[in-house]
Amino acid sequence: VHQGTVESYYDEILADSIEEASMMQAANELSVHATQICTQTDEETVEELVTSFLMPHVAREHTQSKIQFEGRRFVHAAHSAIFDMVQNIEEDKQSRSYESKYEE
């Protein structure tokens, strides 16, 4: 018997064992999950559904409102800066007009 044949046989046995163990574990987990679902009350089922669907929606809306608030804050700051700049220009214009009036 060649070394390659032994390794091939060993790999095949190992792969089969892993597959069987995986199938058993999946069956056990499915059984546990099925038992939980069967023992769950209607109220718990509704609560789970609301949590899984509604809560992500609420979180998404909260994030959108924070983004909008931040956007409004920056727009307000820009408006204030522009208003102050225009007001300063108008004041400078009035003071120059006042100075030129009395210089004549």
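Brief remarks on what is shown
- Whole-percent carbon and sulfur share, accessible surface of the chain, 1.4 Å: 60
- Calculated from backbone phi, Karplus (6.51, -1.76, 1.60) coupling profile of region 87-93 in Hz, x at Gly/Pro: 5, 5, 5, 5, 5, 4, 5
- With each label modelled as a point 7 angstrom along the Cα→C-beta vector, the PHE74-HIS2 pair spans 6.8 nm.
- Just so you know, the averaged projected area of the alpha carbon convex hull for the chain sits at 18.1 nm².
- For the chain, the 222 nm mean residue ellipticity estimated from helices alone, with every DSSP H stretch of n ≥ 4 adding -39500 (n - 2.57) and the total spread over all residues, rounds to -35500 deg cm²/dmol.
The values are calculated or read from the model by the stated rules, or taken from the named source; none is laboratory data. Everything numeric here is computed off the predicted structure, so don't read it as measured data. Glycine also receives a Cβ, built like all others from the backbone with ideal geometry; neighbour counts cover every protein chain displayed. Side chains are part of the model used for accessible areas, which takes the heavy atoms of the whole protein and leaves out ligands, DNA and RNA. Shrake-Rupley method; radii C 1.70, N 1.55, O 1.52, S 1.80 Å.
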